[in-house]
Structures are given as structure tokens and as C-alpha cells.
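Only one structure is covered here, and it is reproduced in the block below.
The values are calculated or read from the model by the stated rules, or taken from the named source; none is laboratory data. On a predicted model such as this, the values are computed, not experimentally measured, just so you know. Positions of Cβ are generated from backbone atoms using ideal geometry, with glycine treated the same way; all protein chains shown enter the neighbour counts.
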Amino acid sequence: MHAGEQTVLRDIVLVGGGHSHVVVLRRFAMRPLPGVRLTVICTDTHTPYSGMLPGYIAGHYSYDEVHIDLRRLAEFAGARYFREQVVGLDREQRKLLCAHRPPLAYDRLSINIGSMPAVNQVEGAAEHAIPVKPIRRFNERWLALLERVRQHAGVTTIAVVGAGAGGVELTLAMQYRLRKELRLLGRDPDELRFHLFSAAREILPTHNARVRRAFEQVLVERAVVVHCDAEVRAVGSGLLRTAHGETLATDEIVWVTQAGGAPWLRDTGLALDGSGFIQVRDSLQSVSDPLIFAAGDCAAMVDQPLEKAGVFAVRQGRPLADNLRRSVLEQPLRAYHPQARWLALISTGDRYAVASRGALHTAGAWVWRWKDWIDRRFMTRFNDLPAPAVAMAKPQRGHSAVPLDAAESTQAISAIAMRCGGCGAKVGATVLSRAMAAVHPLERDDVLIGLHAPDDAAVVRMPPGKAMVHTVDFFRAFIDDPWQFGRIAANHALGDIFAMGAEAQSATAIATVPPGLESKVEETLFQMMSGAIEVLNEAGCALVGGHSGEGSELALGFAINGLIDEGLAGVMCKGGMRPGDLLVLSKPIGTGTLFAAHARLQAKGRWIDAALLSMDQSSQLAASCLREHAATACTDLTGFGLLGHLVEMTRASGVDAEIDLAVLPILDGAAETSAAGMLSSLQPANLRLRRALRDQEPARSHPNYALLFDPQTAGGLLASVPAERASACVAALRSLGYQKAVCIGRVLPTADDLAPIRLKL
């Protein structure tokens with residue numbers, strides 16, 4: 001169920017996308033709790049499944065096969081997904097502290113962020129070694145190492161520090177893949193040298209002797225030099241040194257040692273163990289804060305210490321979900337009882353694995369196939385998601401078993417009752433004032449009366465020699481992150497101002513917030529307006545007032561004033577295009593189809609991440625760049641799509657135009673979702689403009705054809721630039737961060753054909 005479709009009474013916030021939390025999301029998807037909203041906050045949209053990572057490194061799996069798409073899973077579960085880094089915790093105010101956005105309120109908090117290799121405990125390791133976690137950064141370094149080995153002629157020496165199951169598996173997987181790559185290049189695989197360092201007197205110290213012997217034999221056969229009782233004490237550029245004084249010159253050092261808790265946990269006041277992990281009871285509840293839970297590697301059970309193994313994180317998911325539910329309902333919590341023995345299936349790089357459980361041991365290719373079947377079956381639960389229509393049982397609006405105090409009960413009854421219209425639909429003055437008091441709009445000298453001295457209307461001075469540009473934009477939320485939505489809504493509204501070549505001066509806001517508990521309405525309004533005001537402030541635009549009201553869906557818009565020269569010097573209008581000009585587009589297209597696919601759970605999370613980054617990018621610098629390069633006409637791409645806006649420009653200019661379909665900048669994934677027929681609801685209306693295309697029949701089969709009609713949100717600027725300046729303009733745009741800026745066509749003289757747009761294939 002979409003987070004905005006129910007009255008929110010309590011917020012459960014999940015920090016991290018570890019194995020326990022993906023199980024929590026799946027269980028809440030199958031059995032939602034009315035009145036309870038889940039939010040996932042994580043730095044990485046694609047969370048890896050640790051059991052398949054060695055297979056990925058060895059080349060047996062693709063990236064998507066070993067990663068769970070958190071954004072899709074959250075959408076499936078009706079949860080909000082915030083891509084953000086948590087840096088602290090304010091337990092008194094019950095707020096998470098974030099690196100790039102305002103603090104986030106919670107009623108219950110669960111932490112499942114894994115562990116961090118202890119590189120800071122060894123001299124030089126943080127600077128010169130590759131920690132295996134976080135996995136995203138390790139993968140980036142691994143791909144770079146792959147390419148470096150391909151390009152480097154001669155011997156490459158790689159050291160792996162840590163000889164537990166993870167270190168041994170990773171060593172053999174890397175060796176297998178790199179040797180294969182060298183063979184494909186016709187080079188000698190023996191150019192590779194691998195060294196494995198163990199601080200203990202043996203490898204795999206937590207496994208039985210038969211398992212250890214099996215891997216010792218494999219390592220010898222693979223010519224991996226094993227250094228036991230060899231604690232690494234210092235790391236430098238291209239070398240490491242052990243406690244016994246042994247040194248090794250190496251080209252790469254991979255760090256897979258015993259890890260510790262995230263540094264920010266130390267300042268939370270939560271009870272931690274000696275390694276910095278959160279101490280929890282058998283219920284997975286923090287021993288020092290009943291509102292906070294933890295699971296996986298970042299948790300330390302005080303009564304039943306556990307090895308840091310993925311199997312426990314997975315098994316903790318179900319009791320964690322149940323206890324989060326029970327905690328919100330104020331019911332007694334249940335204990336999690338970990339298994340005394342567990343099965344470990346450890347691969348040897350090739351399609352062969354060793355099974356280890358207590359004193360038991362077996363091995364073979366069949367063990368790897370067994371492991372592969374188990375792993376793929378697990379991943380299917382989280383990546384093969386049913387269609388939204390049958391995704392989950394939907395709780396009835398307003399029906400909740402969540403205990404409320406007297407004030408909350410009154411507010412909840414009001415939230416689900418028949419709501420008033422007119423001014424009775426406004427957000428309460430107290431809620432509004434509290435939310436707005438926490439944000440800080442820019443102050444300008446030419447704003448005489450604004451939010452700093454609220455009145456019935458703002459008063460803004462018009463500077464001498466300036467004329468006013470006025471525009472308005474408003475739309476409902478298309479993502480569940482109110483802060484991100486606020487930023488994009490502000491960027492979208494400012495686009496018209498920048499496209500005209502104007503300076504943004506002042507803005508008034510129109511905000512719609514779903515009714516609910518005052519605390520939840522206030523938090524939503526605060527998050528949304530915080531994001532919007534950040535963008536307005538960056539643009540030099542002062543928020544001077546606005547209006548807020550209740551509605552079924554979150555929505556935001558702005559009326560914005562801008563300033564231009566009253567003689568219209570430097571103004572960029574739609575009607576200035578000249579034959580011979582080249583068409584420059586500053587941003588890629590495809591937001592309409594991507595978010596249509598996202599609503600159907602068919603878009604990859606990284607596609608949506610990239611689209612949001614593009615929508616979040618201001619067009620202010622692009623507009624200045626276009627003016628510097630003598631742009632003759634300009635507009636911003638919004639709901640009418642590329643073709644619709646270009647037709648407006650040609651009509652206003654009395655010219656025709658040509659678009660080169662092959663060079664259109666397309667957002668990642670947009671071609672795939674468009675080809676699959678996942679299109680915006682506005683697409684059919686935009687499609688009527690195909691009558692503006694000449695000889696369109698040959699172009700219909702082109703993969704970019706449908707994207708001509710794709711509606712854009714916070715899209716880029718489309719401008720005509722003199723041909724002799726277009727290349728320099730594109731280069732300048734790219735240097736300013738508009739990496740996909742490109743010339744997409746040219747302006748033509750008017751032809752006899754009634755259709756003004758020609759397509760080049």
C-alpha cells in the first residue's frame with residue numbers, strides 16, 4: 001500500500017538494507033499494520049546478498065543476480081525509501097541525524113547496517129587497503145583492479161588480510177576470475193601472485209579440522225601463499241608488514257578482518273560491546289533504549305553471543321519484524337532463539353564448494369549446485385515481486401490497533417472523518433508555525449514584507465530598470481520522500497524563470513498535506529519545505545509566503561517572481577530560433593516512463609536514483625551558460641515532452657526543426673521501460689502531437705521514438721544556439737556538471753510541409 005494512502009499513526013524507521021531488514025519489508029508487505037508507516041534509509045539502493053558475492057567476484061553471477069533492489073522492495077512493501085547516510089542519533093527527540101538532509105523522526109527504530117572492517121586499527125590500512133565493506137566501494141575497487149590487471153603486463157601481487165571463511169572465499173574467487181581474464185587475453189595466468197594473511201595460527205579458525213584441511217589443500221594447489229600467525233601491523237603504499245617483521249611488496253591489499261561497529265554508533269549513548277556493536281536482548285531490542293532494535297552484524301546479543309554470519313541476520317528478520325509490530329502495538333516481545341549449529345557452504349572459486357556444520361564436512365560440485373539453488377531461491381523472494389494489484393493485503397483506511405493517548409485519539413478520529421472544505425481545510429496554525437519555524441528561507445533586501453514579518457500578503461520591491469517574470473507550477477508527489485519531492489518541486493517551478501534568462505526573486509508556496517496526527521503532519525510539512533527551501537535559497541529566491549491545506553495526497557507548487565531587464569536585454573524566449581541554429585539539450589529525458597515503471601515495480605532502483613539526481617539538478621547554471629553562448633531561444637522541458645516544447649518553439653519562431661533520434665540523451669533504463677510499454681498517463685495526450693512530424697513512419701521503430709512524447713518533471717533546458725558556438729556551449733555545459741548535454745538537431749527554414757519537425761534516423 002502506498003505510504004500516502006493511510007492515516008499515519010506511528011513511524012518505524014529501518015536504518016540500513018541488511019539481510020534482516022529485507023525480510024522485515026517482505027513480512028510487512030504481506031501483512032501491513034494499519035496506521036504504521038515504514039521508512040527505509042540506506043546509502044545503497046542495491047543491497048548485496050553476502051552468500052552470492054564470492055560467486056559474483058568469480059564471474060558466475062551478474063550484478064543484479066546478487067543484489068536486492070531496496071527501492072523496488074520498499075515500494076512493494078508500501079514503505080518510503082530514502083537514499084541517505086545516517087551520521088547520528090538524537091534519542092531525546094527521537095530523530096535520526098543525516099548527512100545531507102534534515103533529521104528524520106521515528107517512533108520505533110531498527111538498525112541493520114552490518115559491520116565495518118577494522119582498518120583504522122592498523123597503521124596505513126585506511127589509506128592503502130581495500131576493505132571488503134561497504135560492498136559498493138569494494139565493488140568499485142574490484143572492477144578497477146580487474147581493468148588494471150587486464151592492462152598491466154607482468155606480475156601482479158595481491159594480498160588478502162583475514163583468513164576466515166570470507167577471506168578464504170574471496171581470495172579463491174578473485175584468483176579464479178583474474179586467471180580466467182588473463183587466459184582470455186592470451187597471457188600467462190601465473191603472472192598473478194596471491195598471499196593470504198591470518199593473525200591466527202590457522203585458517204578458518206571457527207570451522208572443524210576437516211574443513212580447514214580441505215581448504216589448505218586447495219590453497220596449496222592454487223599456489224596461494226598462506227601466512228599464519230602473521231598479524232598485519234602496518235600498511236603502506238605497495239607493501240605491508242606483520243608483527244614479526246615480515247614485509248611483502250604488493251600491488252593490492254584487500255582487508256577482510258574481524259570488523260567493528262559503525263563509528264557514529266559510539267555517540268548515540270546506546271550500550272555497545274567492546275567492538276562497538278549494539279547490545280541487544282533476546283528480543284533484538286536495545287538493552288538501553290526500548291524504542292530501538294538492532295539485528296545482523298551490527299548487533300551483539302548479550303545473552304547468546306553469535307558469530308558474525310549472514311545466516312543469523314537472515315534468521316533474525318522474522319522475529320525482528322514481529323517484535324517491531326508488537327512493540328508498536330505495546331504487546332509483550334518474543335525472544336529470538338538462534339540455532340546452535342548452522343550450515344556454511346564455502347565455495348572454492350570454481351563451481352565447487354565445501355559444506356561445514358559443526359563437526360561435519362562434505363564437498364563437491366554438487367555442493368556448489370546445492371548452494372546455488374538455495375541462494376537463488378532466497379533472492380527470488382525479494383526480486384521477483386508480484387504486480388502492485390496483488391502485491392499485498394490492504395488494510396482498511398483509518399482502522400488501526402495502534403494504542404493512542406487521548407489527544408492522539410481525537411486527532412486520529414478527526415483525520416478519518418469527513419473533512420471540511422474552504423478555509424476549514426487549512427493546516428492548523430500551530431502545526432504550520434512549528435513546521436515553518438524549523439526552516440530558514442533566504443532573506444532579500446527587496447522583500448519588504450515577507451515571512452520575517454508575516455502579513456496578509458508579501459510586499460516586494462521592483463529594482464530600477466527591471467521587469468517582473470511570473471510563473472506558477474503545482475503537482476502531486478510522485479515519490480514517498482517529502483524532502484526529495486520538495487527539492488524537485490522547487491527545481492521544476494524555477495525552470496521557467498531560468499529558461500527566460502531571469503533571476504529568481506521571490507516565491508509563494510501552495511502545499512497540500514494528507515490529514516493525520518499533528519506530529520505526522522508537522523513532520524511531513526517540515527521535511528517537504530526543508531527540501532524546497534534549500535533549492536530556493538541556492539537560487540537566491542526568497543520564500544515570502546504561501547498557503548497550506550489538507551488533501552488526500554501530498555502536493556506542492558510555487559508561484560515564482562523573477563527579474564529581467566525591462567528592455568528585455570538577455571531575455572530568452574521561445575520565439576527567437578533562427579535557421580542554421582543548433583538545438584542544445586542540457587539534461588537527458590525519460591522521467592515519465594521511468595516513474596510509470598516504478599509504480600509498476602518494473603524499474604531498477606538505480607534507474608530511479610539517477611533520474612532523481614537529474615531532476616534534482618538546477619538549471620540555473622545551464623541558463624547562464626546558454627546566455628553566454630548567445631542562445632537565441634530557450635524553454636524548459638516539462639509535461640508536454642521534448643516534441644511538444646519544440647513544436648511551441650518552432651511555431652513561435654516561424655521555423656522548422658530537425659531532431660537526430662540517435663543522439664538524444666536518455667536516462668538509464670528509459671529505453672527499456674518505454675519499449676516495454678510502461679508509459680506516463682500523459683503520454684497519450686502528448687502522442688497527438690505526432691501530426692507535427694514529417695515522414696514519421698520509418699522512425700516509429702526507433703527505440704527513442706516514443707521518448708519524444710515522454711512528459712518530463714524538472715527536465716533540462718532546450719535552446720537554439722548559433723552553429724558556430726554550439727560545440728563550445730555543450731563543452732561548457734558538461735564542465736558545469738550537465739554530463740549528458742548534447743546537440744540534438746538543428747533549426748531549418750520553414751518548408752511547405754505543414755508538419756514542422758523532421759526526424760533524422
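Here is how the numbers come out for the structure above:
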{"quantity": "Within region 191-232, considering residues that are of a type in the set (Lys, Arg) and surrounded by 16 or more Cβ atoms within 10 Å (Cβ to Cβ), the one nearest to Thr157 (Cα to Cα)", "calculated": "Arg193"}
{"quantity": "Candidate set: region 727-745, residues that are among the hydroxyl-bearing types (Ser, Thr, Tyr) and either farther than 13 Å from Leu621 by Cα or surrounded by fewer than 21 Cβ atoms within 10 Å (Cβ to Cβ) (or both); chosen: the one nearest to the chain's Cα centre (by Cα)", "calculated": "Ser735"}
{"quantity": "Options Gln331, Gln316: the member that is under 30 Å from Val402 (Cβ atoms) and within 27 Å of the chain's Cα centre (by Cα)", "calculated": "Gln316"}
{"quantity": "Answer residue from region 302-326, given it is of a type in the set (Val, Ile, Thr) and part of a helix (DSSP H, G or I) and is nearest to Asp11 (Cα to Cα) among those", "calculated": "Val314"}
{"quantity": "Matching entry among Gly124, Gly114 (being buried (at least 21 other Cβ atoms within 10 Å of the Cβ) and out of contact with any Leu (no Cβ under 8 Å at 6 or more places or on another chain))", "calculated": "Gly114"}
{"quantity": "Qualifying residue in region 545-566 (condition: under 30 Å from Ala633 (Cβ atoms), out of contact with any strand residue (DSSP E or B) (no Cβ under 6 Å at 6 or more places or on another chain) and surrounded by 18 or more Cβ atoms within 10 Å (Cβ to Cβ))", "calculated": "no"}
{"quantity": "The lone exception for Gly238 - which of (1) under 20 Å from Asn120 (Cα atoms); (2) surrounded by 14 or more Cβ atoms within 10 Å (Cβ to Cβ); (3) touching a His at 6+ places or on another chain (Cβ under 9 Å) it fails", "calculated": "(2)"}
{"quantity": "Hey, Thr524 under 23 Å from the mean Cα position of the chain (by Cα) and without any contact (Cβ under 8 Å) to a residue 60 or more places away in the chain or not", "calculated": "yes"}
{"quantity": "Scan of region 433-486 for residues that are under 31 Å from the mean Cα position of the chain (by Cα) and charged (D, E, K, R), ordered by number", "calculated": "Arg434, Asp473, Arg476, Asp480, Asp481"}
{"quantity": "Test: residue in region 95-116 that is modelled with pLDDT of 90 or more, part of a helix (DSSP H, G or I) and either under 30 Å from Ala477 (Cβ atoms) or of a type in the set (A, V, I, L, M) (or both)", "calculated": "no"}
{"quantity": "Residue match in region 512-531 (condition: in a loop (DSSP other than H, G, I, E, B), more than 28 Å from Thr591 (Cα to Cα) and among the small types (Gly, Ala, Ser))", "calculated": "yes"}
{"quantity": "Test: residue in region 519-536 that is under 30 Å from Ala387 (Cβ atoms), surrounded by 20 or more Cβ atoms within 10 Å (Cβ to Cβ) and among the basic types (Lys, Arg)", "calculated": "yes"}
{"quantity": "Hits in region 457-495 - residues which are of a type outside the set (S, T, N, Q) and part of a helix (DSSP H, G or I)", "calculated": "Pro482, Trp483, Phe485, Gly486, Arg487, Ile488, Ala489, Ala490, His492, Ala493, Leu494, Gly495"}
